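Please treat every number below as a calculation from the coordinates, not as lab data. The shown structure was predicted, so the numbers you read here are calculated from the model rather than taken from an experiment. With ideal geometry, Cβ positions are generated from the backbone for all residues, glycine too; neighbour counts draw on all protein chains shown.
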Amino acid sequence: MRALTTTGAPRRVRAIATAELRLLVRNRTAMFTALALPLITVAGLSAIGFGENGDLPLGALVVTMLAGFTLLYVVYYNLVSAYVARREDLVLKRLRVGELTDAEILAGTALPSVVVAVTQVVLTAVVAALALGLDMPANALLVVVAVVGGVVMFVLLAAASTAFTRNVEMAQVSTLPVLFLCMGSLIFSGVVVPADSVPDAVQDVFQFVPLTPVLDLLQLGLTGRTADGDTVGFGASFSAAAFPLIIMGLWIVNGIAALRRWFRWEPRT
Amino acid sequence: MAEVVEVSDVRRSYGDYEAVRGVTFSVARGELFALLGTNGAGKTSTLEVVEGLARPSGGRIRVLGHDPYAGRASVRPRIGVMLQQGGFPADLTVTETAAMWAGTLTAPRPVAEALELVDLTHRAGVTVKQLSGGEKRRLDLALAVLGRPEVLFLDEPTTGLDPESRRNTWALVRTLLDDGVTVLLTTHYLDEAEELADRLAIMHRGRLVRTGTVAEVVASQPATVSFALPPSVPRERLPELAGALVVDDGNRVEVHTDTMQATLTGLLLWARDHDVELRELSARPASLEQAFLAVASSPEERDVEVAA
């Protein structure tokens, strides 16, 4: 019986994801956000010398910044809009009267954005390796964990953020707190400015921002550089990864709890 | 167990407001049960908890022997649901919408067959936002029957349909009933209930006020015998008639009676014996509409008790 339901789940998720991909392709604003915005942002910031004085070599810097902006725009912002749009059109309610489980509905809706996001990160890494001198990662496993964990975390945050997003237009405002905090973490977590020049108090606060563990793990995995600016080897990188992993885990647990408590499947009447 | 749907003393509250106040009914296999009621009577609220969309705040529900909320995984593959409002992404075509839904079902019909059933084949390539209200309703019905359900829940299936589409929908529902499908539907069209329902219930302010076959529900209402007396015959000369006397203005007389034959016999014998010509004589049994209006216009009894 269990085997039956698990073979059914991928098919159901795929059905929702296919429809969602069609909707993404037909929505120009969402397509621009998904395909162009992260690249333009990173290219623009690099052009004005953003991160030149940071701790990271250029290849790792570009990959890390792009991963950060992709998680924010493509996964977080896009999905807040998509979940809210489907909720307000009563699509979520309709999907819930079928055989899909709640998790399958959320996953299927998220899948196209997630695929676009991960593909962009991978392509950027390839380009960085070929053109910008990205070295072999110090710990590739941590890079994968950073991306996968980041995706899970921001999908959950997007779903949770729909609780205070009344309609699609409001998503432009309701996503700002998370977006601003996370952009702050891009600046203060050693990516853009050297970790030494960030006041400890600021660093203490920003280490709890959701994007920070992703950036910490990426830096660590790509270059072996810890949040404090030290460089460690493969073995030591695991112990350095413990703290960001805990923060990431906490956000995921909190995200699931928030989802269960506040996520609404139909418009407020 | 012949009962496919069993609902006993079900309640549903939204905050302080209790929309469903202890509803009990059951639907047997192959039967069509209609929930009638005015807007806001609690029909949709009832249907949603039976479909397993929400947990009732009280009472017990079984669909095909399972709790539809907790046992969602066992129940859903065997039921089809048509919600009151579609819930389709506006930018997908009819076929894409149906294909998406088919991809989530265990044993779906071919998409083309489902569209054919509701006469939407010619609109297959059109996006949902270009469909008329009636066409959206039919798409909704197509999705509800796509999984070859054993039990079908239809929330106002023909609202917004033109007369021909309504007939087609009724014909489809009848075909499904012939195949042994069990149907629970809500409607505020009395003719729809009369046309399709094996049994029905009239819902009012969160309660089922009448339940039974159309004949049983109508039987709760008196038949009406009416006539006009000639000007020369004053009303006082009428004999004692079984039933309640309702006198219209002028000479028109209406009698509401539970025993139409006895009332008519008394009246007609009197008229023959006294050589009175009863003009505009008519005798008609109660209609479902009459039963419905009697319920809908009843005062807010017992609301105080609920609030207390």
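Can you say what percent of the DSSP beta bridges in segment B:104-210, counting only those with both residues inside, are antiparallel? Round to 5. Kindly include the intermediate steps, with their values, before the conclusion.
Numbers: 3 of 8 bridges.
Beta bridges within segment B:104-210, antiparallel portion: roughly 40 percent.
Could you work out how far apart the two model spin labels at residue B:14 and residue A:39 are, taking each label as a point 7 Å from the Cα in the direction of the beta carbon, and quote it in nm?
According to this spin-label approximation, the distance is 4.7 nm.
Taking the protein assembly as shown on its own, what percent of its Cα-Cα pair distances exceed 33 Å? Spell out each step's value before the answer.
Values: 94046 of 166176 pairs.
The calculated P(r) of the protein assembly as shown puts 57 percent of pairs beyond 33 Å.
With a 10 Å Cβ neighbour count serving as the proxy for reagent exposure, in which order, fewest first, do A:41, A:223 appear?
Starting with the residue having the fewest Cβ neighbours, the order is A:41, A:223.
Mind checking the mean number of beta-carbon atoms from other chains within 10 Å of the Cβ atoms in B:71-84?
Across B:71-84, the average partner-chain Cβ count within 10 Å equals 3.
For residue B:91 paired with residue A:167, estimate the spin-label separation in nm (one decimal), with each label point 7 Å from Cα along the Cα-to-Cβ line.
Taking the two extended label points, one gets 1.8 nm.
Can you give me the Cα centroid spacing of segment A:104-181 and segment A:202-269 in angstrom?
The two parts, judged by their Cα centres, are 13 Å apart.
Could I have the simple spin-label model distance between residue B:261 and residue B:294, label points 7 Å from Cα toward Cβ, reported in nm to one decimal?
Going from the residue B:261 label point to the residue B:294 one covers 2.0 nm.
Report the gain in length on full extension from residue B:254 to residue B:2: 0.36 nm times residue separation, minus Cα-Cα distance, nm rounded to one decimal.
Working: separation 252, 0.36 × 252 = 90.72 nm, distance 4.44 nm.
The span from residue B:254 to residue B:2 would gain 86.3 nm if fully extended.
Which ³J(HN,Hα) values in Hz, rounded to whole numbers, follow from the phi angles of segment B:39-47 under the Karplus curve 6.51 cos²θ - 1.76 cosθ + 1.60, where θ = phi - 60° and Gly and Pro get x?
In residue order, the calculated couplings are 4, x, 6, x, 4, 5, 4, 5, 4 Hz.
Under the definition of Cα pairs under 8 Å and six or more residues apart, what whole-number percent is the relative contact order of chain A? Kindly include the intermediate steps, with their values, before the conclusion.
Working: 355 pairs, mean separation 70.0, N = 269.
It rounds to 26 percent for chain A.
Using r as the Cβ-Cβ distance of residue A:122 and residue B:213, and R0 as 45 Å, what FRET efficiency do you calculate, to the nearest 0.05? Let's see the in-between values first.
Details: r = 66 Å, r/R0 = 1.46.
Between residue A:122 and residue B:213 the formula returns 0.10.
Which longest run of chain B has no exposed loop site in it, a site being trypsin sites (Lys or Arg not before Pro) in a DSSP loop with at most 15 other beta carbons within 10 Å, and the site itself not part of the run? Display every interim value, and only then the final one.
Working: sites that count: B:29, B:302.
Within chain B, the longest run free of exposed trypsin sites (Lys or Arg not before Pro) spans B:30-301.
Using only the Cα atoms, what convex hull volume per residue in Å³ does segment B:222-285 have? Intermediate values should be presented prior to the final figure.
On the way: hull volume 4.7 nm³, N = 64.
It comes to 73 Å³ per residue, whole-number rounded.
Taking the Cα centre of segment A:2-262 as origin, work out the dipole magnitude from +1 charges on Lys and Arg Cβ and -1 charges on Asp and Glu Cβ, in debye rounded to 20. Working shown, then result.
Details: 16 positive and 16 negative charges, 317 e Å.
Rounded to the nearest 20 debye, it is 1520 debye.
Using a cut-off of 17 Å between alpha-carbon atoms, which aspartates and glutamates can reach residue B:43, once sequence neighbours fewer than 8 places away in the same chain are excluded?
Partners within reach: B:6, B:9, B:18, B:51, B:155, B:156, B:192.
Sort B:189, A:73, B:17 so that the residue with the fewest other Cβ atoms within 10 Å of its own Cβ comes first and the one with the most comes last. List each step's numbers first, then the result.
On the way: B:189 17, A:73 22, B:17 8.
If I rank by nearby Cβ atoms, fewest first, I get B:17, B:189, A:73.
Only helices at least 20 Å long along their axis, Cα-based, and averaging 0.0 or more on Kyte-Doolittle count here, so list those DSSP H runs from chain A. Numbers along the way, then the final one.
Details: long enough: A:2-26 (36 Å, 0.07); A:102-127 (37 Å, 1.66); A:140-161 (31 Å, 2.77); A:234-262 (40 Å, 1.24).
Sorted by number, the helices that extend far enough and score high enough are A:2-26, A:102-127, A:140-161, A:234-262.
Could you please rank A:265, B:270, placing first whichever residue has the fewest other Cβ atoms within 10 Å of its Cβ?
On the way: A:265 19, B:270 16.
Ascending Cβ contact count within 10 Å gives the list B:270, A:265.
Return the sequence-ordered ³J(HN,Hα) values of segment B:82-87 in whole Hz as given by the Karplus equation 6.51 cos²θ - 1.76 cosθ + 1.60 applied to θ = phi - 60°, using x for Gly and Pro.
Once θ is set to phi - 60°, the couplings for segment B:82-87 become 10, 6, 5, 10, x, x Hz.
Magnitude of the Cβ-charge dipole of chain B, K/R +1 and D/E -1, about the Cα centre, nearest 20 debye?
Details: 32 positive and 44 negative charges, 180 e Å.
The calculation lands at about 860 debye.
How shielded is B:86-94 by partner chains, expressed as the average number of their Cβ atoms within 10 Å of its Cβ atoms? If you can, show how the numbers build up before the last one.
Numbers: counts 5, 12, 5, 10, 5, 7, 6, 1, 0.
Mean shielding by partner chains, rounded to a whole number: 6.
Please give me, ordered by residue number, the chymotrypsin sites (Phe, Trp or Tyr not before Pro) of segment A:187-256 that lie in loop per DSSP and have at most 16 other Cβ atoms within 10 Å. Walk me through the intermediate numbers first.
On the way: sites: A:188, A:206, A:208, A:234, A:238, A:251; in loops: A:208.
Qualifying residues, ordered by number: A:208.
Divide by every residue of chain A the summed helix terms, -39500 (n - 2.57) for each DSSP H run of at least 4, and state the resulting mean residue ellipticity at 222 nm, rounded to the nearest 500 deg cm²/dmol.
Numbers: 13 runs with 188 residues, N = 269.
Result for chain A: -22500 deg cm²/dmol, rounded to the nearest 500.
Taking amide H atoms as placed 1.01 Å from N in the peptide plane, list the residues 5 or more away in sequence, or in a different chain, whose amide H sits under 5 Å from that of residue B:81.
Counting only residues 5 or more places away or on other chains, the set is B:153.
Need one number: % antiparallel among DSSP beta bridges in the protein assembly as shown, to the nearest 5. Before the final figure, lay out the partial values.
Numbers: 36 of 55 bridges.
Antiparallel bridges: around 65 percent, rounded to the nearest 5.
Pull up all non-local amide H partners of residue B:37: gap of 5 or more, or a different chain, and H-to-H distance under 5 Å with H placed in the peptide plane.
Hits under the 5 Å cutoff: B:187, B:203.
Which one, A:105, A:139, A:259, is farthest towards the positive end of the dipole of the protein assembly as shown when Lys and Arg carry +1 and Asp and Glu -1 on their Cβ?
Of the candidates, A:139 comes out farthest on the positive side.
Over all residues in A:188-198, what is the mean tally of Cβ atoms on other chains that come within 10 Å of each residue's Cβ? It would help to have the intermediate numbers written out before the result.
Numbers: counts 0, 0, 0, 0, 0, 0, 0, 0, 0, 0, 0.
Mean number of neighbouring Cβ atoms from other chains: 0.
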